[in-house]
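Can you read through this structure? Questions will come right after.
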Amino acid sequence: MLKKTFEGFVDYIQVLDEFGTVDKSLLPEDVTDSMILEMYKSMSKARALDAKALSLQRQGRIFTYPPLLGEEASQVGSAMAFRRGDIIVPNYRQHAVFMLRGLPLDRWFVSLRGFEDGAAINGAKDTPVSVPIGTHLPHAVGLAYAEKYKKSGNVVVSYIGDGGTSEGDFYEALNFAGVFKVPLVIIIVNNQWAISVPRRRQSAAQTLAQKAFAAGLKGVQVDGNDVVGMYKVVKDALSAAANNEPTVIECITYRLSMHTTADDPTKYRTDGEVKEWEAKEPLIRVRRYLTSRNLWDDSKEKDMQEEFKKEIDEALAKAEAFKPDPKSIFEHIYSFMPEVLKEEQDAAIAAGFWLDTSSHE
Amino acid sequence: MQMNMVAAINNALSQCMEESDRVVLLGEDIGKDGGVFRVTDGLQAKFGENRVIDTPLAESSILGMSIGMALGGLRPVPEIQFAGFMFLGFSQLINHAARYRSRTRSTKPVPMVVRTPVSGGVRTLEHHSDSPEAYYSHIGGLVVVEPSNPYDAKGLLIKSLHMEDPILFLEPTKIYRLFKQDVPDEMYEVPIGKASKVSDGAQLSVITYGTMVPLVKSVVQKKGVSADILDLRTINPLDESAILETARKTGRVLIVHEAELSFGVGAEVAARIAEKAMYDLSAPIMRVASPSLPYPFPGYEQYYVPNELKISQAIDKLLSA
Ligand SMILES: Cc1ncc(C[n+]2csc(CCOP(=O)(O)OP(=O)(O)O)c2C)c(N)n1
Ligand SMILES: [Mg+2]
């Protein structure tokens with residue numbers, strides 16, 4: 001006997017193309033011009049923040065920074081689709097998601113300046129940046145299980161890179177999500193590179209979305225530079241997830257900048273490739289669309305940028321005024337203070353180690 | 001009621017699950033099967049499949065999912081079927097469970113109790129007999145507990161489930177059904193971070209924990225020596241005061257554990273005594289442990305794990321020093 005036991009396909013969705021043209025058949029009903037304008041402003045703000053962070057790193061005012069340039073649409077489009085109560089489990093590059101989730105900018109800067117205090121937000125359900133690639137996905141599954149257990153109706157959304165899809169925890173998490181049917185959406189941000197390793201070296205699979213099938217989940221691709229398409233796909237996935245059908249979304253985008261401020265992309269990729277993707281970057285098409293609808297012009301752009309600058313500078317000033325308390329690093333390890341740890345803390349304070357910063361200057 | 005350690009742990013889990021519906025168990029074969037050691041026997045029938053969860057076979061996600069559950073307000077008790085397989089989820093413990101509290105300055109603690117059987121002496125397959133407590137005790141932020149008897153097992157587990165920390169709860173397989181003890185029916189707590197004085201003596205101090213506690217007790221009894229026996233119960237954080245107190249009292253210290261000698265818990269205990277009670281000692285600190293090599297196949301086990309003779313000779317040497 002011979003029979004087919006599985007057949008699958010991956011949809012690819014684009015609503016707003018590179019030229020600013022909308023595919024009306026796919027446009028969600030709730031997407032109005034004013035929402036697109038909102039999206040544009042958020043993407044622009046993310047880009048302004050990103051540029052600021054890069055320059056601050058170069059001045060030694062923040063530590064290593066992973067830029068988001070080119071990935072504004074996947075972040076803003078998805079974040080605008082979240083519903084109140086949804087929980088986000090991000091990776092380290094989702095700055096615009098943090099911003100739209102209401103993380104105060106000064107806290108974001110405090111984190112980048114190297115202090116855990118930036119992530120200390122009472123009551124926040126979103127998780128902070130997780131650095132070990134892919135390891136946060138099982139957390140997302142557990143959080144989703146908890147929401148289902150509590151019958152809250154909330155959905156968990158997690159982000160991972162193309163490189164991250166090669167990690168064991170990625171596969172395990174998808175597998176668990178399928179078995180437990182948890183309210184979860186996994187967004188693969190396929191920005192074509194994992195530091196110096198190109199997408200094709202991560203997997204011979206034709207799409208990353210199809211990895212969902214092995215775990216019994218739905219998989220879909222979307223133009224990750226199309227903020228409206230992103231919004232649509234995430235919104236649909238959230239509805240499915242609320243019915244305990246997890247989805248994997250692969251958004252196709254491009255990391256236009258360096259991996260982090262410690263990286264030099266000219267070592268592994270060509271200018272030509274970058275130029276090609278620059279033409280498809282997410283802001284141009286939205287500006288084209290808004291201009292064609294007479295909703296945007298240079299003077300509005302100028303005013304907006306000035307506003308951003310003011311807000312960002314204020315937040316930064318606040319962050320730079322933050323005074324860390326060195327001895328506090330001992331105080332957030334256990335729910336109790338072990339005698340042996342207290343002794344180490346007391347010894348450090350008594351010896352005045354805090355006062356000696358010479359080796360760091 | 002008279003209970004062995006398996007029954008005491010089962011009883012503690014059941015009572016904690018009755019006490020709070022936030023307590024959920026998850027792991028391989030823990031539901032219908034009741035766990036390969038039957039520690040969770042009957043709990044799924046009592047509390048349902050959503051609270052006693054048979055998971056797919058993947059340790060990293062059992063631990064990772066538990067972290068997420070804890071962040072989401074549940075109190076997960078993941079079981080890793082054998083400690084030798086927990087390394088597949090090591091990163092979840094060291095990178096996340098232990099660090100979430102500091103990463104978020106206590107705004108997101110991860111209360112979870114990871115249960116796993118440890119140590120040998122019961123002639124199992126390779127990887128089913130390891131004593132990995134030292135690896136985990138090196139991780140700040142993770143609490144490591146190892147009871148040596150049914151009474152402590154129940155009280156320590158209940159205490160662990162009442163805490164806001166990630167706790168590794170090591171269960172010596174050899175002791176699971178070794179003996180019964182009177183265990184109170186009601187809920188009670190045994191403190192974390194406090195060693196227990198198993199016997200009081202004057203000639204020497206034996207500092208030990210886990211599988212070695214019953215063995216040390218019987219050797220000391222047989223030899224008729226007068227020994228302080230300290231059962232650490234919590235390995236991290238160490239009960240340094242109790243360690244120093246007994247060391248100062250007898251001046252002769254023997255540390256006994258089943259895990260490999262080199263870089264083991266004994267080294268940490270010895271270092272602390274050397275730093276703070278050196279001049280109270282009448283003899284060099286001694287250690288008895290398994291040799292510094294991987295746990296052998298069951299045929300060689302008896303030549304590997306510390307036995308009566310090895311401990312007895314060490315005591316003689318210490319007393320004559
Ligand atoms: C487990 C682990 N291995 C290696 C690294 C080092 N590292 C940081 S980012 C990165 C590449 C990740 O690429 P991708 O998942 O595509 O995300 P992107 O950076 O492109 O957003 C690597 C290898 C890490 N942080 N964690
Ligand atoms: Mg990438």
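The values are calculated or read from the model by the stated rules, or taken from the named source; none is laboratory data. Since this is a predicted model, take the numbers as computed values, not measurements. Cβ: placed from backbone, ideal geometry, glycine included. Neighbour counts: every protein chain shown.
Any idea how many residues of the stretch A:75-102 are more than 16 Å from ligand 2 (Cβ to nearest atom) and either among the aromatic types (F, W, Y) or within 13 Å of another protein chain (Cβ to nearest Cβ) (or both)?
Matching residues across the stretch A:75-102 total 7.
List every residue pair whose Cβ atoms lie under 7 Å apart, where the two residues are 6 or more positions apart in sequence or sit on different chains, the first residue falls within the stretch A:244-256 and is in the same structural domain as A:P198 (by TED's automatic domain parsing) and of a type in the set (F, W, Y), and the second residue, located anywhere, is at pLDDT 95 or above and within 12 Å of ligand 1 (Cβ to nearest atom).
A:Y254/A:G70; A:Y254/A:N191; A:Y254/A:Q192
Please list, ordered by first then second residue, the pairs with beta carbon atoms under 7 Å, 6 or more apart or interchain, first in the stretch A:38-59 and among the acidic types (D, E), second outside any helix (DSSP H, G or I).
A:D50/A:P67; A:D50/A:L68; A:D50/A:L69
One line per residue, one yes/no per condition, for (1) under 16 Å from the mean Cα position of the chain (by Cα); (2) within 16 Å of ligand 2 (Cβ to nearest atom); (3) of a type in the set (V, I, T); (4) assigned by TED's automatic domain parsing to the domain that holds A:L238:
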| site | (1), (2), (3), (4) |
| --- | --- |
| A:P138 | no, no, no, yes |
| A:V141 | no, no, yes, yes |
| A:A146 | no, no, no, yes |
| A:G164 | yes, yes, no, yes |
| A:N175 | no, no, no, yes |
| A:V182 | no, no, yes, yes |
| A:I187 | yes, yes, yes, yes |
| A:Q192 | yes, yes, no, yes |
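Within the stretch B:42-52, is even one residue more than 23 Å from the chain's Cα centre (by Cα), in contact (Cβ under 8 Å) with a residue 60 or more places away in the chain and in the same structural domain as B:R103 (by TED's automatic domain parsing)?
No: the stretch B:42-52 contains no residue that is more than 23 Å from the chain's Cα centre (by Cα), in contact (Cβ under 8 Å) with a residue 60 or more places away in the chain and in the same structural domain as B:R103 (by TED's automatic domain parsing).
Checking the condition farther than 18 Å from B:K108 by Cα and either within 16 Å of ligand 1 (Cβ to nearest atom) or facing another protein chain (nearest Cβ under 10 Å) (or both), which residue from A:N154, A:N122 passes? Write out each step before concluding.
On the way: A:N122 fails: farther than 18 Å from B:K108 by Cα.
Exactly one of A:N154, A:N122 is farther than 18 Å from B:K108 by Cα and either within 16 Å of ligand 1 (Cβ to nearest atom) or facing another protein chain (nearest Cβ under 10 Å) (or both), namely A:N154.
Select, from B:V6, B:V77, the only residue that is under 18 Å from B:P147 (Cβ atoms) and within 14 Å of chain A (Cβ to nearest Cβ).
Details: B:V6 fails: within 14 Å of chain A (Cβ to nearest Cβ).
Checking each option against the conditions leaves just B:V77.
Only residues that are at the interface with another protein chain (Cβ under 10 Å from one of its Cβ atoms) and either within 9 Å of ligand 1 (Cβ to nearest atom) or within 14 Å of A:R201 (Cβ to Cβ) (or both): list them for the stretch A:160-186, please.
Listed by number, the residues that qualify are A:E167, A:D169.
Only one of A:K309, A:K280, A:K300, A:K275 is out of contact with any helix residue (DSSP H, G or I) (no Cβ under 6 Å at 6 or more places or on another chain), free of Cβ contacts under 8 Å to residues at least 24 places away in the same chain and either surrounded by 12 or more Cβ atoms within 10 Å (Cβ to Cβ) or of a type in the set (F, W, Y) (or both). Can you tell me which? So that I can check it myself, show each step before the final result.
Numbers: A:K309 fails: free of Cβ contacts under 8 Å to residues at least 24 places away in the same chain; A:K280 fails: free of Cβ contacts under 8 Å to residues at least 24 places away in the same chain; A:K275 fails: either surrounded by 12 or more Cβ atoms within 10 Å (Cβ to Cβ) or of a type in the set (F, W, Y) (or both).
It is A:K300.
Let me ask something else about it. Could you name every one of the helices (runs of 4 or more DSSP H) located completely within the stretch A:126-228 that has at least 1 residues being under 18 Å from A:A240 (Cβ atoms)?
Of the helices (runs of 4 or more DSSP H) lying wholly inside the stretch A:126-228, those with at least 1 residues that are under 18 Å from A:A240 (Cβ atoms) span A:137-149, A:168-180, A:211-214.
Touching an Asp or Glu at 6+ places or on another chain (Cβ under 7 Å) and more than 24 Å from B:S148 (Cβ to Cβ): which single residue out of B:S60, B:S91, B:S119, B:S106 fits that description?
Answer to the selection: B:S60.
For the stretch B:90-129, give me each residue that is in contact with a Ser or Thr (Cβ under 7 Å, 6 or more places away or on another chain) and at the interface with chain A (Cβ under 9 Å from one of its Cβ atoms).
Of the stretch B:90-129, the ones in contact with a Ser or Thr (Cβ under 7 Å, 6 or more places away or on another chain) are B:91-92, B:95-96, B:109, B:112-113, B:117-122, B:129.
Result: B:S91, B:Q92, B:N95, B:H96, B:P109.
Working only within the stretch A:150-162, note down all residues that are surrounded by 20 or more Cβ atoms within 10 Å (Cβ to Cβ) and without any contact (Cβ under 8 Å) to a residue 60 or more places away in the chain.
Within the stretch A:150-162, the subset surrounded by 20 or more Cβ atoms within 10 Å (Cβ to Cβ) is A:154-162.
Answer for the stretch A:150-162, where residues must be surrounded by 20 or more Cβ atoms within 10 Å (Cβ to Cβ) and without any contact (Cβ under 8 Å) to a residue 60 or more places away in the chain: just A:D162.
Something else about it: Those residues that are crowded, with 23+ Cβ neighbours inside 10 Å and within 7 Å of chain B (Cβ to nearest Cβ), I need them from the stretch A:136-149; list them, please.
Of everything in the stretch A:136-149, those that are crowded, with 23+ Cβ neighbours inside 10 Å and within 7 Å of chain B (Cβ to nearest Cβ) turn out to be A:P138, A:H139, A:A140, A:V141, A:G142, A:L143, A:Y145, A:A146, A:E147.
Same structure again: Can you report the number of residues in the stretch B:32-71 which are away from every other protein chain (no Cβ under 13 Å) and buried (at least 22 other Cβ atoms within 10 Å of the Cβ)? First the steps, then the outcome.
Taking the stretch B:32-71 and keeping what is away from every other protein chain (no Cβ under 13 Å), we get B:32-46.
From what's left, buried (at least 22 other Cβ atoms within 10 Å of the Cβ): B:35, B:39-40.
Result for the stretch B:32-71: 3.
If you take the residues of the stretch B:185-214 that are buried (at least 24 other Cβ atoms within 10 Å of the Cβ) and over 21 Å from B:F169 (Cβ atoms), which of them is nearest to the other protein chains (Cβ to nearest Cβ)?
Restricting to residues being buried (at least 24 other Cβ atoms within 10 Å of the Cβ) and over 21 Å from B:F169 (Cβ atoms), the top hit is B:S205.
Could I ask something else about it? Please name all residue pairs, on different chains or six or more residues apart, with Cβ atoms under 9 Å, provided the first residue is in the stretch B:89-111 and is in a helix (DSSP H, G or I) and the second residue is among the aromatic types (F, W, Y) and at pLDDT 95 or above.
B:F90/B:Y135; B:F90/B:Y136; B:L93/B:Y136; B:I94/B:Y135; B:I94/B:Y136; B:R101/A:Y334
Still on this structure, please answer the following. Just need a number here: residues in the stretch A:194-246 that are surrounded by fewer than 24 Cβ atoms within 10 Å (Cβ to Cβ), of a type in the set (F, W, Y) and either within 23 Å of A:A81 (Cβ to Cβ) or within 16 Å of ligand 1 (Cβ to nearest atom) (or both).
Residues in the stretch A:194-246 being surrounded by fewer than 24 Cβ atoms within 10 Å (Cβ to Cβ), of a type in the set (F, W, Y) and either within 23 Å of A:A81 (Cβ to Cβ) or within 16 Å of ligand 1 (Cβ to nearest atom) (or both): 0 in total.
Being in a loop (DSSP other than H, G, I, E, B) and buried (at least 17 other Cβ atoms within 10 Å of the Cβ) is the filter; apply it to the stretch B:287-314 and report the residue that is farthest from the chain's Cα centre (by Cα).
My answer is B:P296.
Mind listing whichever residues of the stretch A:72-101 are among the aromatic types (F, W, Y) and farther than 20 Å from A:A53 by Cβ?
Narrowing the stretch A:72-101 to residues among the aromatic types (F, W, Y): A:82, A:92, A:98.
Result: A:F82, single match.
Turning to a different aspect of this structure: So B:V143 clears everything in (1) buried (at least 24 other Cβ atoms within 10 Å of the Cβ); (2) more than 9 Å from chain A (Cβ to nearest Cβ); (3) under 17 Å from the mean Cα position of the chain (by Cα) except one condition, right? Which one?
Among (1) buried (at least 24 other Cβ atoms within 10 Å of the Cβ); (2) more than 9 Å from chain A (Cβ to nearest Cβ); (3) under 17 Å from the mean Cα position of the chain (by Cα), the lone unmet condition for B:V143 is (2).
Here's a follow-up. A:V155 versus (1) more than 13 Å from the chain's Cα centre (by Cα); (2) within 25 Å of A:A194 (Cβ to Cβ); (3) more than 16 Å from ligand 2 (Cβ to nearest atom): which is the lone unmet condition?
(2)
Pull out all pairs, ordered by first then second residue, where Cβ-Cβ is under 6 Å, the residues are six or more apart or on different chains, the first lies in the stretch A:80-95 and is assigned by TED's automatic domain parsing to the domain that holds A:K148, and the second is within 11 Å of ligand 1 (Cβ to nearest atom) and of a type in the set (F, W, Y).
Short answer, once both residue conditions are applied: A:P90/A:Y159; A:N91/A:Y159; A:Q94/A:Y159.
Residue-by-condition table, conditions (1) of a type in the set (S, T, N, Q); (2) at pLDDT 95 or above; (3) assigned by TED's automatic domain parsing to the domain that holds B:D152; (4) in contact with an Asp or Glu (Cβ under 9 Å, 6 or more places away or on another chain):
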| position | (1), (2), (3), (4) |
| --- | --- |
| B:S205 | yes, yes, no, yes |
| B:Y209 | no, yes, no, yes |
| B:A242 | no, yes, no, no |
| B:R248 | no, yes, no, yes |
| B:E275 | no, yes, no, no |
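Taking the condition at pLDDT 95 or above and charged (D, E, K, R), does A:K302 pass? Lay out the reasoning, then the answer.
Working: at pLDDT 95 or above: yes; charged (D, E, K, R): yes.
So A:K302 fits the description; yes.
The rows are residues; the columns are (1) in contact with a strand residue (DSSP E or B) (Cβ under 8 Å, 6 or more places away or on another chain); (2) within 16 Å of ligand 2 (Cβ to nearest atom).
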{"residue": "A:V233", "(1), (2)": "yes, no"}
{"residue": "A:E250", "(1), (2)": "yes, yes"}
{"residue": "A:M258", "(1), (2)": "no, yes"}
{"residue": "A:K275", "(1), (2)": "no, no"}
{"residue": "A:R293", "(1), (2)": "no, no"}
{"residue": "A:S299", "(1), (2)": "no, no"}
{"residue": "A:F308", "(1), (2)": "no, no"}
{"residue": "A:A321", "(1), (2)": "no, no"}
